[in-house]
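Read the figures in this text as sums done on the coordinates, not as results from a lab. Just so it is clear, the model here is predicted, and its values are computed rather than measured. Here the Cβ positions follow ideal geometry from the backbone for every residue, glycine too, while neighbour counts run over all protein chains shown.
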Amino acid sequence: MSLSYSNLPVYVGGPNSNTVNEATRYVSAIDANVSFSASAAAKRNLGQSVDSTDQFKFQGPRTTNISFKFILDTSVEASNSFLNDASQSAFFPIKIGTNFYKNSYLSNYSVSISPFQPVTVAANFISMNPPSGDAIKQDTSPYGGGTIPFNPDGVIYGYTCSVTNMDDVVGNVQSQINYTKEYTRTPVYALGNTNAETMLLDGVESEMNITSTGLENSIDYSGDKLASDVSVGLQDIDGTAYPYIGTLTMAAGARVLTTNYSVNGGDTVVTTAEIRQIDL
């Protein structure tokens, strides 16, 4: 019998925690992916044939990557504290179904904003302490058996967001905005352990891609420095701001490093601009 998506809810615990409270840490996910990979290389020695019972050597730890996409909803927010800049050095416990992935660090997340569509976030983690030898385990009583507090009026849509100073970069009609934050980390290994327990935060970079109907100006060899903040306010239909991201901001001093435009016969010009900033 196959497993149903309804029995594989996603939960993300608090920063630097090893437990997950299902009643408060549910993520309104629309998909989830987990991949395990071993760092294997062929074992070949001079003067010897390959041993069919011992064909590989292992040169590093097993890698476990976790990704999921979810809808931003102001009524389901506590589980998304990993998006808070104050928690960018922390690890988080992740539970999918009843499989538990400890010491998970955020690798990157991207926010996608389109007119009349719910704002979605795609998050990618790497787990330093995943389960080993487990089967896929379903959760037959999601959210601790309680009612998931999903409120349609709390969903953040593209048309409920606010934009500031976008026309300093592109035309006055913006049709798509994608914001990505990338974290560079170094795992810390100890002698005698096969898994790293911690990761050091080396750098943080942000990128915003804006699709529009025009460009303010073409860039030169050093790009185009922003003279003022370019931002998107994430809020629901009632104007309630999403607390853990709040406003997606490319601050004054960030640079437009890529611009392009295209047009098809009988159509209007479509432009894109890429803004990047170094946060850490």
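Sort 219-231, 90-102 by the packing proxy (mean of other Cβ within 10 Å over each peptide's residues), most packed first.
On the way: 219-231: 14.1, 90-102: 21.4.
Most protected by this proxy first, the peptides run 90-102, 219-231.
Residues in region 164-185 near a label at residue 264, defined as backbone nitrogen under 20 Å from the 7 Å Cα→Cβ point?
Label zone hits: 174-177.
Once phi is turned into ³J(HN,Hα) by the Karplus curve 6.51 cos²θ - 1.76 cosθ + 1.60 with θ = phi - 60°, what whole-Hz value does each residue of region 121-127 show in order, with x for glycine and proline?
For region 121-127, the Karplus-derived couplings read 10, 10, 10, 10, 10, 10, 9 Hz, x marking Gly and Pro.
Please report the net charge: other residues with Cβ closer than 15 Å to the Cβ of residue 22, K and R +1, D and E -1. Write out the running numbers ahead of the final one.
Numbers: positive: 25, 95, 137; negative: 139.
Residues close to residue 22 contribute a combined charge of +2.
Have a look at 275, 58, 36 and report the one farthest towards the positive end of the charge dipole of the chain, computed about the Cα centre with Cβ charges (Lys/Arg +1, Asp/Glu -1).
The residue sitting farthest along the positive end of the dipole is 58.
How many Lys pairs in the chain lie less than 24 angstrom apart by Cα atoms, where the lysines are 8 or more positions apart or on different chains?
Close lysine pairs found across the chain: 10.
Within 13 Å, Cβ to Cβ, of residue 225, how many net charges do the neighbouring residues add up to if Lys/Arg are +1 and Asp/Glu are -1?
Net of charged neighbours comes to -3.
Quick one: which residues, 5+ away or cross-chain, put their amide H under 5 Å from the amide H of residue 60? H built at 1.01 Å from N.
39
Between 106, 261, 164, whose Cα lies farthest towards the positive end of the dipole of the chain when Lys and Arg beta carbons carry +1 and Asp and Glu beta carbons carry -1, centred on the Cα centre?
Among 106, 261, 164, the one farthest towards the positive end of the dipole of the chain is 106.
Take each of the peptides 171-181, 49-59, 64-74, average the number of other beta-carbon atoms within 10 Å over its residues, and list them starting from the highest. All intermediate terms of the calculation are to be shown ahead of the outcome.
Numbers: 171-181: 17.7, 49-59: 9.3, 64-74: 20.0.
Output ranking for 171-181, 49-59, 64-74: 64-74, 171-181, 49-59.
Toward the positive end of the charge dipole of region 76-199, about the Cα centre and with charges on Cβ (Lys, Arg +1; Asp, Glu -1), which of 87, 115, 178 goes farthest?
Of the listed residues, the answer is 87.
Show me, for region 105-117, the HN-Hα J-couplings you get by feeding each phi into the Karplus relation (A = 6.51, B = -1.76, C = 1.60, θ = phi - 60°), rounded to Hz, glycine and proline as x.
10, 6, 8, 6, 9, 9, 10, 10, 10, 9, x, 6, 10
With θ taken as phi - 60° and the coefficients 6.51, -1.76 and 1.60, list the Karplus ³J(HN,Hα) couplings across region 202-214 in order, rounded to whole Hz; mark glycine and proline as x.
Per residue, the Karplus-derived 3J(HN,Hα) values read 9, x, 9, 10, 10, 9, 10, 10, 10, 9, 8, 10, x Hz.
Counting only residues 5 or more places away or on other chains, whose amide H sits under 5 Å from the amide H of residue 30 once H atoms are built in the peptide plane?
Amide H neighbours of residue 30: 69, 70, 71.
Residues with amide H under 5 Å of residue 258's amide H, sequence separation 5 or more or different chain, H placed in the peptide plane at 1.01 Å from N; which?
274
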